[in-house]
Structures are given as structure tokens and as C-alpha cells.
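Written out below as C-alpha cells is the structure these notes cover.
Throughout, read-outs are computed from the coordinates displayed, never taken from laboratory work. What you see is a predicted model; the values in this text were computed from it and never measured. Using ideal geometry, Cβ is built from the backbone for each residue, glycine included, and neighbour counts are taken over all protein chains shown.
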Amino acid sequence: MANVASPLQYGDPPRLGRYVVQARLHQAPAGFVYLGQGPDGRAVSLAVLTRGAAFDAAARERFVTAIREAAGGRSGMRGWLGRGSRPRGAVLDGMPEVLDSDLGHAPWVAVPYVPGRPGAERYLEPVMVGGTLIGQAHGPDFVPYWLTDRAPALPGPTRRRRPLTETRRRVLLAALALVLLLLLVTAIVLLLLFGRRESEPQPRQLPATVFVPTPPPTPETPEPRPSPSPSPSPTESGQPTPGRSPGDDPGEESPL
């Protein structure tokens, strides 16, 4: 335990919850201990896990469990949960009072700061485990894989809604007015189209007709036919037909 405060370094959080971080008090393999000040001016000791320990679910759970058991044992929650008969283990022995905490992905705990007495570093002790958890420690120890990431685990930045400036307000109002104008023009065009269709007279439908073919007309007079010629035939008139007679010999020539 170190009671000598050192200046903050790059990467240290400026605030943790409602507490202002002022200096470093202690650095452990599992996390950091800071000196902070509450809104009422009270000095507090703040313990924060390293980023590697916070990313490890088992290490983070050991830190959170120590905080919950210390806070629950003093507030009477253990009795309400039916665990009042359980003896207080080493996690609760000599633990400082929990003033405030955050048990999320980047957990931290705040306890009263008393110079010369254990502070929030007591909640970092259960995070590190030895080679055995039962009986006397024996055999080789192991090193957690997350010891290489020694940066403090900080909660992500909270996204606050930026207030509307005068320029953004005017842009939003102009966009809203443009949308309303487009909707009004669309409604007027639709009314004109549907109103014109309703005002136009509908064409009258003709009744259905049945076509019956009529026979062709018959002439009133009979069809004219050619009459026989009145001229007599050559045999009936008695005049010989010019030319050769039947008794003439074609071999003899007639005398001139």
C-alpha cells in the first residue's frame, strides 16, 4: 500500500462517475487506485481494473463479487437473500465501506480515503489468484494472460444529443417546409386528375343489334332473250351462190 500520491499520467480517467480524479495512489497488477474528490468535497479512494482484467470475464467477476458482498453484508442484503447464516469470508474481512460503484464492463469502486489505512486497493486483491485455491499453496504459480494490457479500463464516452444551433434549426425548418409543399402540390395534382375524370360525360352505349341478311331484289320484267333473224337462207331464195358448183371439175379451167 502506498499513501504517497503521484501525478496523473496519460490515459488516466479525469472523472469516475460523480468523482473527480486528482492523483494516483497505488498501482497493482490488476488495476489502479486513485485519489478522488466527491461533489461534497469528501476525499475518496477509487479502484479501477486494468483493461486486460476488465476484458477477462472471470477477473471482472471476482472484482464485482467482492464489491457486491461488501456492500450487501453492510446493508443487510445478505439476510434478505437467505444467506445471513453464511460466515463472512476473507473477502469481507477488513474491507472499507463502499460509497459508490459501477459494475458494468469497466467497473470501479469508491471508498472513503483515510491516510494510513487500506483503501480501495483491497478490492483488487481477489482479482489475482494463486496456483491453488484449496489448502496450502504449493506447486508452480501462473501468470494471467491479461497482465500485458496495463491501461486503465475506462467506460465508453456517453453520446449526448447536441443542442440545435440556429443554423441547424433553420435547415430543419426549411426541409420541413419543402416536404409540406411537395405534399400539397401532389394533393392538388391528384384532385385535378380525378376531378376531370369525374366531370367528363361518359359515352352512351348503343343497344345491341341483330343483323339479319335480306334476300336480293327480283326484277319486275323477265330477262330479255335474243329473237331469230328474219333474213332467208340461200337455198330458200333460189339464187346460186357465187363460186364453184358441185359438178365442176377442179382440174379443168373455165374458158375465158
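Enumerate the amide H contacts of Arg24 below 5 Å, restricted to partners 5 or more residues apart or on another chain; note that Pro and chain-start residues carry no placed amide H.
Ser6, Leu8, Leu35
Starting with the fewest neighbours, write out His105, His26 ranked by other beta-carbon atoms found within 10 Å of each beta-carbon.
His105, His26
Which ³J(HN,Hα) values in Hz, rounded to whole numbers, follow from the phi angles of segment 103-120 under the Karplus curve 6.51 cos²θ - 1.76 cosθ + 1.60, where θ = phi - 60° and Gly and Pro get x?
Ordered by residue, 3J(HN,Hα) equals 9, x, 6, 10, x, 8, 9, 10, 10, x, 9, 10, x, x, 10, x, x, 6 Hz.
Could you please rank Phe194, Phe32, placing first whichever residue has the fewest other Cβ atoms within 10 Å of its Cβ?
Exposure proxy ranking, most exposed first: Phe194, Phe32.
Using a 10 Å cut-off around each Cβ, can you sort Met95, Met128 from fewest to most neighbouring Cβ atoms?
Met128, Met95
Starting from the Cα of Arg150, step 7 Å along the direction of its Cβ; do the same at Arg42; then give the gap between the two resulting points in nm.
3.3
Could you pull out every residue, at least 5 positions away or on a different chain, whose amide H is within less than 5 Å of the one on Val44? Hs are placed 1.01 Å off N in the peptide plane, and Pro or chain starts have none.
Amide H neighbours of Val44: Gly36, Gln37, Gly38, Tyr113.
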